[in-house]
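Following: one structure in structure tokens, then a few remarks.
The values are calculated or read from the model by the stated rules, or taken from the named source; none is laboratory data. Source: prediction; values computed, not measured. Cβ coordinates were reconstructed from backbone atoms using ideal geometry, including for glycine residues, and neighbour counts include every protein chain displayed.
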Amino acid sequence: MLEILDQLPAGFLDTDARQLHQVLSGPTLIHLPGRRPEPLFVSTLLHGNETTGLSAIQTLLRNNADRELPRALSMFIGNVEAARYDRRRLQEQPDYNRIWTGNNGPEFEMAQQIVDAMRTKNVFASVDVHNNTGLNPHYSIVTHLEHRHLQLAAMFGRTVVYSTRPDTTNTFAMSELCPAVTLECGLPGQERGISHVLDYLDGCLHLAQVPETPVHAHDLDLFHSVAIVTVPDQFSFEYGPGDADIQLMAEPDQHNFRMLEAGSVFAHVRSDTDAHLHAWDEDGNDAAERFFSREADRIYTRLPVMPSMLTMDKAIVRMDCLCYLMEPLDWQALLAQGGDQQLA
């Protein structure tokens, strides 16, 4: 199901995501040459409604149309069919950012084909570009606490999240080959996000190497993603007061990257139900009792936590999750331990 090209197809640079199916037959890996042969790998449209990466790549290539790229560039353009309908994924499809390890089927085989191709090309670095459906700052995600990964993340901005769950993401797989990051660039279509990614990718193409030296402590705000919060399928939910089993905060995305103290009200629930939330830890266990308590018709936080990716999009909550919970990492202590050891 994967098409592999060694040049840009006609019309690629001027076609928006919803029309891209007229240019590409489906998921496509495009290899372009550059002065340095080890390619920068960029993936975009793993979710069809997250278009900032595509727009940034198109602008980058238009800007370099009359000159050689400073480094080879390999681009994976993912869920073209979902992009046609401005959807994260179609109902019959898997999530294209959950196919990169530990699964079966044609999409998993495609992902392994891409990883194998980039290993053969001695990939230089990997950048996976995403958007959010709620209000979030621009930030990056790393799956390995190693200096080169953190240096690559720091190039995008000081807010960095260390996350090992889910372990089926593109960045998790590519991190085994090279420094790798996920970029979270706010809402799709915003010029600020496109220009931020454009500048970042241009900077990556001009790097001779990713530094192996430690990032200075004052250059990063580093957070550890410790749980994924989901709403059990059997319970209805809505935002603000109402009759649903679970009534979430009225404007939840206003709380992204803001610390919730222990004892904060996270949701209201109908008192005549056993409605609750799941919170899946890094080992895949439901650790809801660690993070939440229910008293009467309210769910409280047990610990100080910082949510990310809280969204007003109910379909995303059902399809993926309600949010992630994070804790600040003691960056000074991490450096004192060597800085390149993954946390237990």
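Assorted remarks:
- Yes/no for residue 59 being of a type outside the set (A, V, I, L, M, F, W, C), touching a residue at least 60 places away in the same chain (Cβ under 8 Å) and in a helix (DSSP H, G or I): yes
- Matching residues in the stretch 47-74 - criterion: being crowded, with 21+ Cβ neighbours inside 10 Å, touching a Lys or Arg at 6+ places or on another chain (Cβ under 6 Å) and closer than 20 Å to residue 5 by Cα: 71
- Comparison of 160, 123, 142 shows that the only residue that is surrounded by fewer than 22 Cβ atoms within 10 Å (Cβ to Cβ) and over 24 Å from residue 18 (Cβ atoms) is 123.
- Taken together, the residues in the stretch 104-126 that are of a type in the set (S, T, N, Q) and in contact with a strand residue (DSSP E or B) (Cβ under 9 Å, 6 or more places away or on another chain) amount to 3.
- Any hit, the stretch 173-195, residues being touching a Pro at 6+ places or on another chain (Cβ under 9 Å), in contact (Cβ under 8 Å) with a residue 24 or more places away in the chain and more than 27 Å from residue 113 (Cβ to Cβ): yes
- Just one residue in the set 116, 95 is closer than 27 Å to residue 208 by Cα, modelled with pLDDT of 95 or more and either in the same structural domain as residue 203 (by TED's automatic domain parsing) or not in a loop (DSSP other than H, G, I, E, B) (or both); that residue is 116.
- For the stretch 296-314, a residue qualifies if it is of a type outside the set (D, E, K, R) and either under 23 Å from residue 272 (Cβ atoms) or free of Cβ contacts under 8 Å to residues at least 40 places away in the same chain (or both), and the qualifying residues are 296, 299, 300.
- Of all residue pairs spaced 6 or more apart or on separate chains, those with beta-carbon atoms under 6 Å, a first member in the stretch 5-17 that is in the same structural domain as residue 30 (by TED's automatic domain parsing) and under 15 Å from residue 56 (Cβ atoms) and a second member that is in a loop (DSSP other than H, G, I, E, B) and modelled with pLDDT of 95 or more are 12/23; 15/23; 17/51.
- A count restricted to the stretch 212-238 and to residues that are within 24 Å of the chain's Cα centre (by Cα) and hydroxyl-bearing (Ser, Thr, Tyr) stands at 2.
- Contacts under 8 angstrom Cβ, first residue in the stretch 100-116 being farther than 14 Å from residue 79 by Cβ and in contact (Cβ under 8 Å) with a residue 40 or more places away in the chain, partner in a loop (DSSP other than H, G, I, E, B) and among the aliphatic types (A, V, I, L, M), 6 or more apart: 113/2; 115/177
- Criterion: in contact (Cβ under 8 Å) with a residue 40 or more places away in the chain, closer than 17 Å to residue 123 by Cα and surrounded by fewer than 23 Cβ atoms within 10 Å (Cβ to Cβ) - qualifying residue of 217, 208, 154: 208
- Residue 82 being under 23 Å from residue 141 (Cα atoms) and assigned to a helix (DSSP H, G or I): no
- Selection within the stretch 228-252 - closer than 11 Å to residue 322 by Cβ and not aromatic (Phe, Trp, Tyr): 228, 229, 230, 231, 232, 246, 248, 249, 252
- The residue of the stretch 136-189 that is nearest to residue 307 (Cα to Cα), among those that are of a type in the set (Asp, Glu) and modelled with pLDDT of 95 or more, is 184.
- The residues on offer are 220, 207, 177, and the sole one that is more than 24 Å from residue 103 (Cβ to Cβ), among the hydrophobic types (A, V, I, L, M, F, W, C) and in the same structural domain as residue 126 (by TED's automatic domain parsing) is 207.
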